[in-house]
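The values are calculated or read from the model by the stated rules, or taken from the named source; none is laboratory data. Just so we're clear, the structure is a prediction, and the values are computed from it rather than from any experiment. Quick reminder, even Gly has a Cβ in these numbers, built from the backbone with ideal geometry, and neighbours come from all protein chains shown.
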Amino acid sequence: MKEKISVVVLEDNELMLMGISSSLAFYDDIEILATGKNGKEGLELIRKLSPKVSIIDIRMPYIDGIELTKKLRDEKINTNIIILTSLEDEEYLFEAFKNGANAYVLKDIDPEELYNTVKMVSNGLVLMQPAIARNVLMDMNNKSKIKKEENLEHLTEREKEILVLISKGLKNKEISEKLFISEGTVKIHINNILKKLGVNDRNQAIIIAKEKDII
């Protein structure tokens, strides 16, 4: 007979806890060893039972999910961790994985998808729910765009002037002659422009500047 996947579920919401536990218990190859409603209780349960998989709510009394994950890894307790969350913020996501989580899923995850996640995580796989991955990447992309827009506003008048000349195809020497400054000063300004816009070359800088009507 195939060995069952032992699971501990930690969730401070009674209804959510019952829902997750009962949906997983439906599967013959899953064994729910215990459930808990706070991080302190959860830590003791996982220490005692060493489940193959621990499903941990990110927000719990006493010890939250991120801190509990860190404690379990620091103590080298051999359990695969699924962080359960209603938060799609990438900051929580990165903290969870940085501290040793194997998976990060939303609380409204489909029961069958959660079951499949438990199976994959039990084999040591690290994964992220596709819905979260999409939203986090979109959020990161939007923040990156906002940052570049803010950096455009921080360009000095001289830097904008040089950016315009670059867009016209002028080389450093030609820019220095036109503005009556040294070629070395031109290079410094261009490096500052690239750094502020978070790009690697002139063409990328020109594209961003044109999109925002700087040139």
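Looking for something within 18 Å of GLY124 (Cα to Cα), surrounded by fewer than 21 Cβ atoms within 10 Å (Cβ to Cβ) and either in the same structural domain as PHE97 (by TED's automatic domain parsing) or in contact with a Gly (Cβ under 7 Å, 6 or more places away or on another chain) (or both) - is there at least one such residue anywhere in the range 31-46?
Within the range 31-46, one or more residues are within 18 Å of GLY124 (Cα to Cα), surrounded by fewer than 21 Cβ atoms within 10 Å (Cβ to Cβ) and either in the same structural domain as PHE97 (by TED's automatic domain parsing) or in contact with a Gly (Cβ under 7 Å, 6 or more places away or on another chain) (or both).
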Top-ranked residue of the range 1-22 - restricted to ones that are hydroxyl-bearing (Ser, Thr, Tyr) and surrounded by 13 or more Cβ atoms within 10 Å (Cβ to Cβ), ranked as nearest to SER54 (Cα to Cα): SER6
Residue within the range 62-69 that is assigned by TED's automatic domain parsing to the domain that holds ASN13, touching a residue at least 60 places away in the same chain (Cβ under 8 Å), under 22 Å from SER6 (Cβ atoms) and not polar (S, T, N, Q) present: no
Which numbered condition GLN129 fails, given (1) crowded, with 18+ Cβ neighbours inside 10 Å; (2) under 30 Å from ASP29 (Cβ atoms); (3) modelled with pLDDT of 90 or more: (3)
Set ILE215, ILE207: member being modelled with pLDDT under 90 and either surrounded by fewer than 13 Cβ atoms within 10 Å (Cβ to Cβ) or assigned to a helix (DSSP H, G or I) (or both): ILE207
Matching residues, the range 10-53, being under 13 Å from TYR115 (Cβ atoms) and among the β-branched types (Val, Ile, Thr): ILE20, ILE30, ILE32, VAL53
Residue list for the range 72-98, restricted to those being surrounded by 18 or more Cβ atoms within 10 Å (Cβ to Cβ) and at pLDDT 90 or above: LEU72, THR79, ASN80, ILE81, ILE82, ILE83, LEU84
Breaking point among (1) at pLDDT below 85; (2) part of a strand (DSSP E or B); (3) not aliphatic (A, V, I, L, M), for TYR104: (1)
Scope the range 163-178; condition assigned to a helix (DSSP H, G or I) and buried (at least 16 other Cβ atoms within 10 Å of the Cβ); matching residues: LEU163, LEU165, ILE166, SER167, ASN172, ILE175, SER176
